[in-house]
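Note sheet for the following structure.
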Amino acid sequence: MTTHINHESEPSRMSDSYVIIGDGIAGASAAETLREEAPDAEITVLTDEGESLYNRILIKEYAKGKLPEAPISIHQESWYDDHDVDLRLNTVVVDIDIENDAIHTHEGDTFEYDTLLLAVGGTPQQLPVGNADADGIHHFWTFQDARKIKQSVEDADRAVIVGAGLLGIDFAAICGAQDVEAKYLMRGDSWWRYALSEEGAEIMHDAMRERGVEPVFGSGVDHFEVDEDGHVEAAVDPNGDRYECDFAGVAIGLNFNTELVEDTSLETENGIVVDEFMRTNVDNVFAAGDITTFNDLVLGEQAKNGSWGSAKQQGTIAARNMLEYGSEEFEWVSSYSITHFDFPFLSFGHPTLGDDSIEATTAEGEWRRVALKDGKVVGGVLIGDLSPQSAFKQLMREGRDVSDQRDLLMEPGFSVDDLAAATEQQ
């Protein structure tokens with residue numbers, strides 16, 4: 001059934017039931033919003049994890065040994081009881097019956113819904129090589145992953161890291177913090193080569209080296225070697241070079257959890273396709289978070305975004321449109337910061353996209369790159385000086401053509417007012 005909620009008609013909410021699959025930040029922010037704006041609604045949250053919402057950003061600090069477990073939890077289980085939200089931990093959804101508005105779980109339970117939110121995220125990709133599932137080889141996604149990584153790396157002497165992106169560098173920082181010598185195997189000639197030039201990447205390379213993590217370019221993994229107990233003892237790259245290790249961190253991307261909807265009428269394309277209101281092609285089914293391929297109003301095309309802030313906002317927007325479709329659009333310029341090093345690092349928007357780019361070293365240890373598409377800012381990276389981030393995000397939201405003012409974007413202390421003043425003088 002299609003559910004359109006009238007905010008002025010509170011009694012109509014009495015019979016509304018909402019099921020949310022996933023208790024990450026997208027699902028949890030949706031539950032919060034639903035409860036705030038529909039106090040009488042029936043809300044059920046199903047998650048396959050064994051613990052309630054925690055801060056996924058902080059688990060890397062826990063694995064580094066910098067934080068205890070206590071500050072990482074966001075919603076204790078009591079929060080759900082206090083807000084009359086039915087939380088089902090350790091619950092694996094095995095079937096979604098779109099035609100009959102029902103969810104079936106591994107224990108044989110059925111949950112019926114008026115409106116459904118899919119916040120099911122993704123699962124880390126495994127390397128398709130020999131012994132990739134050996135003991136001592138880790139992927140980093142959940143708090144439980146972080147606990148295993150922390151225990152394993154504390155007992156390690158040498159490590160190998162695979163995955164030259166934003167998740168892989170977390171492993172580099174963990175090894176550095178735990179004084180574990182590591183080889184960071186990269187297929188290309190630099191870290192995050194689609195977003196950084198050689199100059200920007202070298203700042204990151206030097207920071208890794210200072211912490212005992214050595215980038216190895218033109219490398220990768222052909223297979224892992226294991227000892228007689230099945231524990232990893234070396235990674236062999238496609239060149240035949242062998243790197244001994246007793247800990248390996250793999251971060252090569254996510255497989256989005258679309259298998260639940262493969263046999264349904266929901267549209268998928270590298271995730272679950274939603275519009276700017278977070279609704280799928282089925283009227284009473286919404287999606288939020290990493291799983292979505294959404295209509296990016298800023299970029300002007302379908303896009304994906306894996307940032308915490310984006311997922312949180314998508315959950316909120318999805319909930320509002322579950323209550324009243326069309327009430328609020330998702331329009332967001334995301335950012336992702338790295339706090340592992342002595343200098344700040346921030347990416348914003350879609351730094352790997354665009355048809356042009358500008359970059360500059362603005363001072364010692366300060367570097368920036370801005371990606372452009374049709375003369376408009378679509379993303380970028382800031383190292384050392386993060387002060388221009390608000391201006392760049394504003395330019396993205398406004399969709400302003402800056403092709404005639406490229407040099408001004410690289411000026412230290414740049415602001416949107418500077419652009420306006422320069423335009424008036426032309």
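We did not get these values from a lab; they are worked out from the coordinates using the rules stated. A quick note: this is a predicted structure, and the numbers were derived from the prediction, not measured. Every residue, glycine as well, gets a Cβ built from its backbone with ideal geometry; the counts of neighbours run over all protein chains shown.
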>> Please compute the Kirkwood hydrodynamic radius over the chain, one decimal place, Å, based on all pairs of different Cα atoms.
In response: 23.2 Å
> What does a probe at A360 reach in the stretch 381-410, counting residues whose amide N is under 12 Å from the point 7 Å along Cα→Cβ?
Replying inline: 405-410
> Can you give the helix-only mean residue ellipticity at 222 nm for the chain, where every DSSP H stretch with n ≥ 4 adds -39500 (n - 2.57) and the sum goes over all residues, rounded to the nearest 500 deg cm²/dmol?
Replying inline: -7000 deg cm²/dmol
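Compute the Kirkwood hydrodynamic radius of the stretch 349-426, taking the inverse of the mean of 1/r over all pairs of distinct Cα atoms, and give it in Å to one decimal. Display every interim value, and only then the final one.
On the way: mean 1/r = 0.0808 Å⁻¹.
That comes to 12.4 Å for the stretch 349-426.
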>> For K373, give me every one of the lysines with a C-alpha distance below 16 angstrom, ignoring sequence neighbours fewer than eight places off in its own chain.
In response: K393
>> 7 Å from Cα along Cα→Cβ at both V416 and E259: what's the point-to-point distance in nm?
In response: 4.5 nm
> Rg/Rh for the stretch 137-250: what does it come to with C-alpha atoms and Rh from Kirkwood?
Replying inline: 0.95
> Once the piece of chain linking E107 and S17 is laid out straight, how much longer is it, given 0.36 nm per residue of separation minus the C-alpha distance between them?
Replying inline: 30.3 nm
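Could you work out the relative contact order of the chain? I mean the mean sequence separation of Cα pairs under 8 Å and 6+ apart, divided by the number of residues, in percent. It would help to have the intermediate numbers written out before the result.
On the way: 929 pairs, mean separation 62.6, N = 426.
It comes to 15 percent, rounded to a whole number.
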> Label D179 and N281 with points 7 Å out from Cα along Cα→Cβ: what is the distance between them in nm?
Replying inline: 5.7 nm
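How much of the DSSP beta bridge set in the chain is antiparallel, as a percent to the nearest 5?
On the way: 47 of 82 bridges.
So the antiparallel bridges in the chain amount to around 55 percent.
Which is the longest run of the chain containing none of the GluC sites (Glu not before Pro) found in DSSP loop states (not H, G, I, E, B) with at most 11 other C-beta atoms within 10 Å? Numbers along the way, then the final one.
Values: sites that count: E8, E99, E107, E228, E262, E269, E364.
In short, 108-227.
How much of the pair distance distribution for the stretch 213-291 lies past 21 Å, counting alpha-carbon pairs only, in percent? Show your work: numbers first, answer last.
Numbers: 1617 of 3081 pairs.
That fraction is 52 percent.
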>> Testing the spin-label approximation: label points 7 Å from Cα along Cα→Cβ at D86 and N100. State their distance in nm.
In response: 1.7 nm
> Toward the positive end of the charge dipole of the stretch 137-250, about the Cα centre and with charges on Cβ (Lys, Arg +1; Asp, Glu -1), which of A159, G188, G218 goes farthest?
Replying inline: G188
> Over the stretch 277-350, how many percent of alpha carbon pairs lie in each 5 Å bin up to the one with the longest distance?
Replying inline: 3, 17, 25, 23, 14, 8, 5, 3, 2, 0
> Taking N as the number of residues in the stretch 226-272, what value does Rg over Cα atoms divided by 2.2 N^0.38 Å take?
Replying inline: 1.91
>> Can you tell me the length gained on complete extension of the stretch R406 to D374, counting 0.36 nm per residue apart and subtracting the Cα distance?
In response: 10.2 nm
> Beyond 20 Å, what share of the Cα-Cα pairs of the stretch 296-426 remains, rounded to the nearest whole percent?
Replying inline: 47 percent
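Taking only C-alpha pairs under 8 Å that are 6+ residues apart, what is the relative contact order of the stretch 343-425 in percent? It would help to have the intermediate numbers written out before the result.
Working: 148 pairs, mean separation 22.8, N = 83.
This gives 28 percent for the stretch 343-425.
For a 25 Å ceiling on Cα separation, which of these pairs sit above it: K150/K312; K66/K183; K60/K376? Don't jump to the answer; show the numbers that get you there.
Values: K150/K312 27 Å; K66/K183 22 Å; K60/K376 34 Å.
Violating the 25 Å Cα-Cα cut-off are K150/K312; K60/K376.
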>> Just want the answer: with Cβ charges of +1 for Lys and Arg and -1 for Asp and Glu, which residue in V232, Q144, G50 is farthest toward the dipole's positive end in the chain?
In response: V232
> Once phi is turned into ³J(HN,Hα) by the Karplus curve 6.51 cos²θ - 1.76 cosθ + 1.60 with θ = phi - 60°, what whole-Hz value does each residue of the stretch 259-273 show in order, with x for glycine and proline?
Replying inline: 4, 5, 10, 4, 9, 10, 8, 5, 7, 10, 7, 6, x, 9, 7
> Want the number for E154 to D342: 0.36 nm per residue separation, take away the alpha-carbon distance, what's left?
Replying inline: 65.4 nm
> PRE reach from D135 (point 7 Å along Cα→Cβ): which of the stretch 144-177 fall under 19 Å by backbone N?
Replying inline: 145-160
